[in-house]
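The values are calculated or read from the model by the stated rules, or taken from the named source; none is laboratory data. This one's a predicted model, so the numbers in the text were calculated from it and none came from an experiment. Cβ placement follows ideal geometry from the backbone for every residue including glycine, while neighbour counts extend to all protein chains displayed.
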Amino acid sequence: MNQNKLPADPLSLILGILALVIGIAGCCCYGITAIIPLAMAIIGLVAANRSLREFGENPEAYNPQSRSNVNTAKIINIIAVVLNGLVFLVAIGVLAIYGTLLSSAVLDGLDNGDFEDDDYYYESEYETTIEPENSDIWEDDTYIIEEELDSINLDSVQ
């Protein structure tokens with residue numbers, strides 16, 4: 001009785017472990033990168049299922065330890081698929097929400113403002129008013145209006 005290893009014995013186990021490690025390390029950085037370990041876990045799961053099906057058809061030809069390794073790899077790949085699938089869905093959800101907020105802000109800006117007129121940015125730079133020390137030198141209308149407002153406020157306080 002010559003018992004062989006199942007075809008996916010090392011492959012599915014390696015793919016499952018790599019998918020878990022990359023998925024856990026990648027979820028901290030970018031959620032979109034979860035697509036790569038998700039694909040690796042799916043490939044490992046398919047390979048493990050094929051090998052277990054081959055073992056079920058002819059159990060005498062394969063080593064029982066190899067079946068145990070493939071069964072463990074199947075469980076690891078299922079965990080990796082679930083974990084990476086959730087991380088990927090959360091990343092897509094965050095991008096969808098962020099994109100919606102960004103597009104609504106841009107559309108509100110287009111509806112409420114005229115982006116071709118840049119006078120707003122230039123007016124805000126020159127709106128600072130300098131009050132003169134000598135009122136004889138300054139004959140500016142803004143200063144006269146401010147002087148009248150100050151006298152009105154002082155009269156109402158008294």
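Determine whether residue 31 is among the small types (Gly, Ala, Ser), without any contact (Cβ under 8 Å) to a residue 40 or more places away in the chain and crowded, with 18+ Cβ neighbours inside 10 Å. Steps first, answer last, please.
Numbers: among the small types (Gly, Ala, Ser): yes; without any contact (Cβ under 8 Å) to a residue 40 or more places away in the chain: no; crowded, with 18+ Cβ neighbours inside 10 Å: yes.
Judged against the criteria, residue 31 is not a match.
Only one of these conditions is not met by residue 49: (1) more than 26 Å from residue 87 (Cβ to Cβ); (2) assigned by TED's automatic domain parsing to the domain that holds residue 86. Which number is it?
Every listed condition holds for residue 49 apart from (1).
Considering 97, 92, 79, 75, which residue is of a type outside the set (S, T, N, Q) and either closer than 12 Å to residue 12 by Cβ or outside any helix (DSSP H, G or I) (or both)? Before the answer, list the steps.
On the way: 97 fails: either closer than 12 Å to residue 12 by Cβ or outside any helix (DSSP H, G or I) (or both); 92 fails: either closer than 12 Å to residue 12 by Cβ or outside any helix (DSSP H, G or I) (or both); 79 fails: either closer than 12 Å to residue 12 by Cβ or outside any helix (DSSP H, G or I) (or both).
Exactly one residue qualifies, and that residue is 75.
List the number of the failed condition for residue 67; all other conditions in (1) touching a Phe, Trp or Tyr at 6+ places or on another chain (Cβ under 8 Å); (2) modelled with pLDDT of 90 or more; (3) farther than 29 Å from residue 4 by Cβ hold.
Looking at each condition in turn, residue 67 falls short on (3).
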